[in-house]
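The values are calculated or read from the model by the stated rules, or taken from the named source; none is laboratory data. Worth saying up front: this structure is predicted, and the values here are computed from it rather than measured. Because the Cβ atoms are built from the backbone with ideal geometry, glycine has one as well, and the counts that use them run over all protein chains shown.
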Amino acid sequence: MSSTDPELSPPRPIRPRGLRDDIYDALLDMLVSGSAKPGSPLAIDSLARYFSVSPTPVREALARLEDTGLVRRTANRGYRVAPPMSTAQMSELIEARLIMETSAVGFAMERDLTNLASDLESVFASNVEAADRLGEAGAMDDRERIRAYYQHDWSFHQTILDHCGNRYINRSVNSLSFSVHLMRQTSGIESIDTGAAIGEHRGILNAVRAGDEGAAVRAMTHHLAMVSRRMIPQEDPS
């Protein structure tokens, strides 16, 4: 080190991916798969025994999971799976996605139309395949198929975000992904309408293929509005 370099204290050992990361992933999988029911307790000692680890990595993982919104901590009661979302929360979530994702599709088309269209074609084909698998007998009782369908559904939107050229829009929408998952859990499997969702994605793709930015924005707006209608309980007009 030269005389002009700042004096640095000895570095702390760089910790490789460790136990707390594995516990975090395992707990996240439990939450995303629906194994842990909304509002149910997440007792640190019980989870530590379940995973055959000390309470420390479980406590650290739960603290991290608070940031996702999937876990809540209450004074004197410990951690619990987040309760179902309210109608107001779900409406605000759709509004936030609407603002950002309509902008994203416009930016993506202006910036990278050819590659956007090609990549959307690919992920849409996978989206259709996953929807077809979910239409098979008994599939709605198969959590893995439901999860795979939603992963491919999200990949369609993620492809647009990846091409929009704005890291902050991309990051902001991705920060909502856990809330989107919680909204799906709140709505239940009755809200899964693969035929309608695939048709709406096809409308976005067709507009992108045609290079019609206005039509793509309208198609995305329509899609998110219909997601809202399918997932959020509608008030009885009477």
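Do we have R209 as touching a residue at least 40 places away in the same chain (Cβ under 8 Å) and surrounded by 18 or more Cβ atoms within 10 Å (Cβ to Cβ) here? Break it down stepwise before answering.
Numbers: touching a residue at least 40 places away in the same chain (Cβ under 8 Å): yes; surrounded by 18 or more Cβ atoms within 10 Å (Cβ to Cβ): no.
The answer is no for R209.
Being over 17 Å from A216 (Cα atoms) and either at pLDDT below 95 or assigned to a helix (DSSP H, G or I) (or both) is the filter here; which residues of the stretch 162-178 pass it?
Matches in the stretch 162-178: R167, Y168, I169, N170, R171, S172, V173, N174, S175, L176, S177, F178.
Tell me, yes or no, whether the stretch 37-44 has at least one residue that is more than 18 Å from Q185 (Cβ to Cβ), among the charged types (D, E, K, R) and under 23 Å from the mean Cα position of the chain (by Cα). Spell out the reasoning first.
Step one: list which residues in the stretch 37-44 are more than 18 Å from Q185 (Cβ to Cβ), which gives 43-44.
Of the ones still in play, those that are also among the charged types (D, E, K, R) are none.
Looking through the stretch 37-44, none of the residues is more than 18 Å from Q185 (Cβ to Cβ), among the charged types (D, E, K, R) and under 23 Å from the mean Cα position of the chain (by Cα).
Which residues, taken from the stretch 131-145, are exposed (fewer than 13 other Cβ atoms within 10 Å of the Cβ), assigned to a loop (DSSP other than H, G, I, E, B) and charged (D, E, K, R)?
E136
State all residues of the stretch 58-94 that are of a type in the set (A, V, I, L, M, F, W, C) and either more than 18 Å from G188 (Cβ to Cβ) or part of a helix (DSSP H, G or I) (or both); if no residue qualifies, say none.
Filtering the stretch 58-94 down to residues of a type in the set (A, V, I, L, M, F, W, C) leaves 58, 61-63, 65, 70-71, 75, 81-82, 85, 88, 90, 93-94.
Across the stretch 58-94, the qualifying residues are V58, A61, L62, A63, L65, V71, A75, A88, M90, L93, I94.
Go through T87, T159, T114 for me and flag whichever is at pLDDT 95 or above and over 15 Å from the mean Cα position of the chain (by Cα). Give the derivation first.
Numbers: T87 fails: at pLDDT 95 or above; T159 fails: over 15 Å from the mean Cα position of the chain (by Cα).
Just one listed residue meets the conditions, T114.
For the stretch 188-233, how many residues are charged (D, E, K, R) and at positive phi? Spell out how you get there, then give the answer.
First, pick out the residues of the stretch 188-233 that are charged (D, E, K, R): 190, 193, 200, 202, 209, 212-213, 218, 229-230.
Next, only the ones that are at positive phi stay: none.
Residues in the stretch 188-233 being charged (D, E, K, R) and at positive phi: 0 in total.
Within the bounds of the stretch 186-198, is there any residue that is over 30 Å from G138 (Cβ atoms), surrounded by fewer than 19 Cβ atoms within 10 Å (Cβ to Cβ) and either in contact with a helix residue (DSSP H, G or I) (Cβ under 9 Å, 6 or more places away or on another chain) or not hydroxyl-bearing (S, T, Y) (or both)?
Taking the stretch 186-198 and keeping what is over 30 Å from G138 (Cβ atoms), we get none.
No.
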